[in-house]
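Novice: To start, I am sharing the structure in question, which I have written as C-alpha cells.
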C-alpha cells in the first residue's frame with residue numbers, strides 16, 4: 001500500500017524537519033522508494049540535506065499541493081514524505097476538504113498518515129486536540145514526542161487527548177535528544193545523517209570526530225527502532 005506521510009505539528013521549533021530528515025534517511029537505508037516534498041521555501045531542511053530526493057512546493061496554492069496526491073497516484077514510489085512548515089495546517093486542511101482528498105485516497109488504496117511532532121508545551125497539546133477534532137478516525141496518526149526541547153511529557157501522558165488519540169488508533173513514539181553541539185555541527189556542515197556517521201576527518205576536512213559520529217550513530221539507531229515500532233503505519 002502506498003502511504004503519504006505528512007510531517008507536521010503546526011508549531012515552529014518543535015523539530016518537524018529533524019523527524020522528516022530521520023524518516024528520509026530511514027527510507028534510504030532500508031531501500032524504500034520515496035519522494036519528498038519540502039514546503040519551507042525559505043530554508044527547507046529536506047532540500048538542504050536530501051535534495052536528490054526532494055522537491056520544493058508551496059502550500060498556498062492548490063496546484064502546488066496537488067503534486068503530493070498526483071505523485072502518489074501516478075508515480076512509482078511507495079512512500080511520499082512531506083515536511084510541513086509551521087502554520088501550514090489551515091491551507092492543507094482546506095486542500096484536503098475542498099478536494100475530498102480523504103475519499104480520493106481511500107478509493108485508491110492510499111494510506112494518509114498525519115505526524116504530529118510535539119514538544120512538552122500546552123500549545124503542542126492544544127494543537128494535537130485540534131488535529132484530532134479535524135480528522136477523527138478518517139486518517140492514521142503518528143504522535144512524536146520530541147525530546148529536543150524538553151523531556152517531561154507527563155502532561156501529555158496523563159491527558160484525555162492521549163486517550164482520545166489511542167481510540168483513533170494513533171501510535172506514539174519518542175525521539176531522543178541528540179547532544180546539541182553535535183547536532184549543530186551536523187547542521188553547520190549540511191550533512192545528511194549518513195554522511196555525518198560515515199565521513200571521516202582523515203578523508204574529508206569538514207567531518208565529525210569519532211565520538212561525534214558515534215553519538216549520531218546511536219541516536220539514529222534509536223530513532224529507527226521507534227519508527228519500526230509503528231508497524232503498518234510506516
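Please treat every number below as a calculation from the coordinates, not as lab data. If you're wondering where the values come from, they're calculated on a predicted model, not measured in any experiment. Note that each Cβ is placed from the backbone with ideal geometry, even for glycine, and that neighbours are counted across all protein chains shown.
Novice: Output the 0 to 90 degree angle, nearest 10, between the alpha-carbon long axis of helix 62-74 and the longest principal axis computed from the alpha carbons of the chain.
Specialist: The angle comes out near 80 degrees.
Novice: As an exercise, use a Förster radius of 25 Å and the Cβ-Cβ distance of residue 98 and residue 232 to find the FRET efficiency, rounded to the nearest 0.05.
Specialist: So, using R0 = 25 Å, E works out to roughly 0.30.
Novice: For residue 206 and residue 48, what does the FRET efficiency come to when R0 = 25 Å and r is the distance between their Cβ atoms, rounded to the nearest 0.05? Numbers along the way, then the final one.
Specialist: Details: r = 15 Å, r/R0 = 0.61.
Once rounded, the FRET efficiency stands at 0.95.
Novice: Under 11 Å from the 7 Å Cα→Cβ point of residue 190, by amide nitrogen: which residues of segment 27-63?
Specialist: Only 48-51 pass the distance filter.
Novice: In segment 2-177, if every C-alpha pair distance is counted and binned at 5 Å from zero, what percent goes to each bin?
Specialist: Going out from 0 Å in 5 Å bins, segment 2-177 shows 1, 8, 18, 22, 22, 16, 9, 3, 0 percent.
Novice: May I ask you to compute the full-extension gain from residue 87 to residue 74, defined as 0.36 nm times their residue separation minus their alpha-carbon distance, rounded to one decimal in nm? Intermediate values should be presented prior to the final figure.
Specialist: Details: separation 13, 0.36 × 13 = 4.68 nm, distance 2.85 nm.
Extending this stretch completely gives an extra 1.8 nm.
Novice: Let me ask you something else. Along the principal axes of its C-alpha atoms, what lengths does segment 154-234 span, in descending order and rounded to whole Å?
Specialist: Here the spans come out as 52, 27, 18 Å, largest first.
Novice: At q = 0.08, 0.10, 0.12, 0.20 Å⁻¹, what base-10 log of I(q)/I(0) does the Debye formula yield for segment 93-234 when every alpha carbon is treated as an equal point scatterer in vacuo?
Specialist: One equal scatterer on each Cα of segment 93-234 leads to -0.31, -0.47, -0.64, -1.14.
Novice: Something else now. So for 127, 189, 46, fewest C-beta neighbours within 10 Å to most, what's the order? Write down the numbers at each step before the final one.
Specialist: On the way: 127 19, 189 14, 46 25.
With the sparsest Cβ surroundings first, the list reads 189, 127, 46.
Novice: Using a basic spin-label model with each label point 7 Å from the Cα along Cα→Cβ, how many nm lie between residue 166 and residue 41?
Specialist: The modelled label-to-label distance comes out at 4.2 nm.
Novice: Same structure, new question: By how many nm would the segment from residue 152 to residue 217 grow when fully extended, if each residue of separation counts as 0.36 nm and the alpha-carbon distance is taken off?
Specialist: Residue separation times 0.36 nm, minus the Cα-Cα distance, leaves 21.0 nm.
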